[in-house]
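The values are calculated or read from the model by the stated rules, or taken from the named source; none is laboratory data. Keep in mind it's a predicted model, so treat the numbers as computed, not measured. Because the Cβ atoms are built from the backbone with ideal geometry, glycine has one as well, and the counts that use them run over all protein chains shown. The protein model used for the area step is the full one, side chains on, heavy atoms only, and it has no ligands, DNA or RNA in it. Shrake-Rupley method; radii C 1.70, N 1.55, O 1.52, S 1.80 Å.
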Amino acid sequence: MSVEIKVPSFPESVADGTVLRWNKRPGEAVARDETLVEIETDKVVFEVPAPAAGVLEGIEQGEGEVVTSGQVIGRLREGGAADASAASPPAAGTEADSENRSANPPVSPSARRLLEQHGIAASQVTGTGKDGRILKEDVEQHLAHGSETTTADQARQEAAQTRPQKTPAPPPEPAAATAGAGGREEKRVPMTRLRARVAERLLEAQHNAAILTTFNEVDMQPVMQLRQRYREAFETRHGVKLGFMSFFVKAAVEALRRFPEVNASIDGNDVVYHGYFDIGIAVSSPRGLVVPILRDADALGLAEIEGRILDFAQRAQQGRLELDEITGGTFTITNGGVFGSMLSTPIINPPQSGILGMHRIQERPVAENGEVVVRPMMYLALSYDHRLIDGREAVQFLVTIKDMIEDPARLLLDV
């Protein structure tokens with residue numbers, strides 16, 4: 001019996017997706033719930049599992065095709081046997097065929113993303129799954145024990161690469177269309193849906209909002225001393241390192257309480273004041289920048305904040321963030337300092353009205369009690385929508401964060 005393979009139902013915020021990769025070819029056997037195809041949206045990558053065990057009968061929407069919710073993209077023959085031409089290797093293959101198969105073992109989607117992230121060839125990893133399929137655990141095991149290749153297949157592959165060619169080299173092909181003058185190469189690739197969506201939203205923010213940025217600087221020495229004093233005890237008790245971001249999240253929540261306009265958004269001719277504090281934390285991923293949300297950040301302790309941010313960062317690298325985890329938010333914090341940025345003007349994330357930019361901590365001479373001293377200083381930037389937030393509130397908001405960071409006891413005493 002033929003079974004339709006359909007695109008899963010997208011949330012209202014996602015209009016369509018692009019077929020990123022088919023993990024099976026027509027004629028290959030498929031196990032129930034095995035990932036058949038990956039569909040990329042402007043937010044996350046959806047993995048479409050097989051609705052039943054059988055054989056992939058046909059593909060109706062190939063890689064790169066735009067698809068919508070519920071659309072039929074392929075068909076599965078339930079309970080069928082795999083075609084010999086697709087599922088089994090030739091009876092008498094050449095050594096090169098064997099090497100090609102060993103160099104391209106089956107890989108699970110999560111393992112493939114991890115391989116791409118670390119620049120590892122699939123042939124370097126020994127798969128422990130069915131039919132030698134490489135699982136995520138196999139890649140992690142490989143990373144933990146180094147990148148040495150020990151299998152016989154890999155040895156044959158290396159030998160094949162160094163073996164002299166018995167056939168004459170083909171004549172040189174004409175210059176590619178992407179080659180520039182003087183042999184300078186160019187490469188043209190389509191933007192990912194995530195990158196295209198980020199570009200669209202940034203332009204939307206600049207066109208539809210009156211964005212201004214105000215700056216201040218903060219002395220990080222008090223927080224650094226606090227971290228140094230309690231770092232080991234904190235990590236021993238909570239199992240997570242004490243970073244800077246948790247302090248800024250708590251300081252931002254207090255500042256948002258005092259200046260609710262920064263936590264609000266504009267909807268047509270209305271101003272929506274949010275009675276909750278969902279803080280977006282910008283993290284990088286192989287697909288681009290994503291902003292997972294700390295829901296009800298005011299109810300979280302420092303350890304909970306650090307733990308969730310670490311979890312977000314790890315799953316962002318693996319492409320495993322859920323859609324609801326990167327949707328919404330009332331305010332955003334971004335830290336360009338981890339990449340070495342000294343100063344920047346972050347762009348707000350619509351429909352939010354403000355974004356806080358952290359930067360690199362740099363020792364600088366500053367005046368303190370009439371004397372010049374060296375302190376670890378950080379520049380802070382607050383970009384805000386001037387349609388809703390006046391300059392006075394924006395400056396005072398940033399000063400509130402500065403005061404909280406320079407005297408962390410204020411976070412405990414609520415002063």
Identify, from the list GLY357, GLY336, GLY340, the residue that is modelled with pLDDT under 95, open to solvent by less than 50 Å² (accessible area, probe 1.4 Å) and in contact with a Gly (Cβ under 7 Å, 6 or more places away or on another chain).
-> GLY336
Residue list for the stretch 369-389, restricted to those being surrounded by 12 or more Cβ atoms within 10 Å (Cβ to Cβ) and assigned to a loop (DSSP other than H, G, I, E, B) | HIS386, ARG387, LEU388, ILE389
Would a scan of the stretch 307-325 turn up a residue that is of a type in the set (S, T, N, Q), open to solvent by 40 Å² or more (accessible area, probe 1.4 Å), over 23 Å from ILE389 (Cβ atoms) and modelled with pLDDT of 95 or more?
-> no
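Yes/no per residue for (1) open to solvent by less than 60 Å² (accessible area, probe 1.4 Å); (2) more than 23 Å from GLY319 (Cα to Cα); (3) in contact with an Asp or Glu (Cβ under 9 Å, 6 or more places away or on another chain):
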{"site": "GLY17", "(1), (2), (3)": "yes, no, yes"}
{"site": "LYS24", "(1), (2), (3)": "yes, no, yes"}
{"site": "VAL30", "(1), (2), (3)": "yes, yes, no"}
{"site": "ASP42", "(1), (2), (3)": "yes, no, yes"}
{"site": "ALA50", "(1), (2), (3)": "yes, no, yes"}
{"site": "VAL55", "(1), (2), (3)": "yes, yes, yes"}
{"site": "SER69", "(1), (2), (3)": "yes, no, yes"}
{"site": "ARG75", "(1), (2), (3)": "no, yes, yes"}
Residue identified as basic (Lys, Arg) and over 24 Å from GLU204 (Cβ atoms) among ARG387, ARG410 | ARG410
Consider only pairs whose beta carbons are under 9 Å apart and that are at least six residues apart or on different chains; among these, list those whose first residue lies in the stretch 401-415 and is at pLDDT below 90 and open to solvent by 60 Å² or more (accessible area, probe 1.4 Å) and whose second residue is not in a loop (DSSP other than H, G, I, E, B) and not small (Gly, Ala, Ser).
-> ARG410/GLU254; ARG410/ASP403; ARG410/MET404; ASP414/GLU254
Subset of the stretch 240-289 that is without any contact (Cβ under 8 Å) to a residue 40 or more places away in the chain and under 17 Å from PHE312 (Cβ atoms) - its residue that is surrounded by the fewest Cβ atoms within 10 Å (Cβ to Cβ) = SER284
So which residues in the stretch 33-71 are under 19 Å from GLU325 (Cα atoms) and free of Cβ contacts under 8 Å to residues at least 40 places away in the same chain, if there are any at all?
-> ILE39, PHE46
